[in-house]
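Heads up, the thing below is written out as structure tokens.
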Amino acid sequence: MGLQRAAIYTHRYDHIEETMMKREAGFSLIELLITMVIMGFVLTLGSDMFVGLLRGYKQQSKITETNIEGIVALELLRRDIASAGYGLPWSLSTAYNEATNAVAAVYNDSPTNSPPRAIVSGDNITAAGYVNGSDYLVIKAVNLAQNDTCTKWTILPNTGIASSWTPTSENLATTDRVILISPGSTAANSRTLVASGIFSAMTALSSDETSVIYGVAPADANPLWMPFNRADYYVKTTGITIPGRCASGTGVLYKAIVDQSGGGFSGNVFPLFDCIADMQVSYDLDRNGDGTISNTVVLNDLLGTPLTAQQLRDQLKVVRVYILAHEGQRDDNYTNPTNPILVGQSAPLGRNFDLSSLADPKWQHYRWKVYSLIVRPNNLR
């Protein structure tokens, strides 16, 4: 009996030992190869998925970047259009200077003593460097420059003591360059430009009526070049390196402020919006004064007779700006479904832009979008 038990125990011990030896032996070469092949497939699928996610993330981040850039640029443009006419004199007896740039000078109201027009534009500019015959937009008002002075104003009563504001940071400095506007009492002398100069000199010009003083620019040794500020908006390919994500043949939307020290744009050109293929501008007019839009036009200074400053004040109700740009960067997995794309209203108020006319052979792999801006100017009258 004892021998049988001993044999059983011995058998069990041998079985356990054999099992442990097999476990210690590990995987066979075939098993390792199969495992490596499976892991290779898994890693390949994972890397493809990761690359796809990374590509999608990069595209979405560029789209978001474009949209943020567009919002900022359009809001600045909207603000400037809404400000058109703010502080402009309606009557003046002396000539003044304006833009000296060859293209910009087309939209000057100087060197005559004609009142400045609050807003005007050129249709389909073909000058060198300007993109694809885009429109050129000019806005005139005192508060368009990049300084604090042009946002300040005050009242000059017949006492000769200008009103002051709280907080004091809203007050004009004694050396700020300003204009003095007399409100007038008739249509012929409304908003007459009395003088331009430094703020401290204006108090001696007080008369029997209350006048308004508008800040135009900070202190400078030179007199004001213009009795207002002027901002030009245009799309151009020169003056800045076009971002690599932009399609060939697109440009940058600029805001250029005419310099009060000489009429140029030096140091006052600001890039706002990249990858622009086209910009179109049109206007809603109330021709007969009945309060309704009678027609929509392109106010083109290069053709026909432009509206006068008073006609613009009386008739202009809405300004429409349409900008064609692409979101993000090129995506070879995407094909743009529409070509040509209508920019603005139908011709001649806008145009069907043929994307294949761009210098980029892969124009169809961009996500093209038309940004629309419809603004009612608040300061024409």
Quick calc of log₁₀ I(q)/I(0), the range 148-217, Debye, one scatterer on every Cα, no solvent, q values 0.12, 0.22 1/Å, result -0.28, -0.89
Here the tail fraction of P(r) beyond 14 Å, over all Cα-Cα pairs of the range 66-121, rounds in percent to 65
Taking the reciprocal of mean 1/r across every pair of different Cα atoms in the range 306-373, the Kirkwood radius in Å is 14.1
Shape descriptors of the range 156-262 over alpha-carbon atoms, Rg and Dmax in angstrom, are 19.5, 62
re the range 86-159: pairs of Cα atoms spaced beyond 13 Å account for a percent value of 75
Inverse of <1/r> over all distinct C-alpha pairs of the range 222-313, i.e. the Kirkwood Rh in Å, gives 16.2
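Read the figures in this text as sums done on the coordinates, not as results from a lab. All figures in this text were calculated on a predicted structure; none of them were measured in a lab.
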